[in-house]
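To start, the structure itself, in structure tokens.
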Amino acid sequence: MTMAVTATTLPEKIRSGVVVLELWAPWCGPCKIMSPIMAALEAELPLRVVTMNIDEDKRIAEQFGIQSIPAMIIYRDGTPYEKIVGAYPKAKLKEHLEKVLRPSDAK
């Protein structure tokens, strides 16, 4: 189950494992498409998804230079690993996240 976070609560939620931060806004059509996809992927893969409404908290979006949403920041054990911008089909995103989850994966 995805959980809403703020820049203040984010560090404790990304501390361990693979966590995908989904940046969105209520007015963003593609974000509304991605939200159920991310919830499904969280149920299917060994990762957590947290969400941040950038209208309510812009700090992380500004820190990572996010200019378009939806956007995702993938964290591994608290460290930013990758930034993904845009809406993607579930199958393509799942395939990519499975690669990220492989321990032998080297970026």
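Every read-out reported here was derived from the displayed coordinates using simple, explicitly stated rules and does not represent laboratory data. These figures come from a predicted structure and were not determined experimentally. FYI the Cβ positions are ideal-geometry reconstructions off the backbone, even for glycines, and counts take in every protein chain you see.
Data table
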read-out	value
Residue under evaluation Arg48, criteria (1) basic (Lys, Arg); (2) in contact (Cβ under 8 Å) with a residue 12 or more places away in the chain; (3) more than 20 Å from Ala91 (Cα to Cα), criterion not met	(3)
Test result for Arg59, surrounded by fewer than 18 Cβ atoms within 10 Å (Cβ to Cβ) and more than 26 Å from Arg102 (Cβ to Cβ)	yes
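Yes/no matrix, rows are residues, columns are (1) of a type in the set (Ser, Thr, Tyr); (2) out of contact with any Ser or Thr (no Cβ under 9 Å at 6 or more places or on another chain):
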site	(1), (2)
Ala39	no, no
Glu44	no, yes
Leu47	no, yes
Thr51	yes, no
Glu56	no, no
Gln63	no, yes
Pro70	no, no
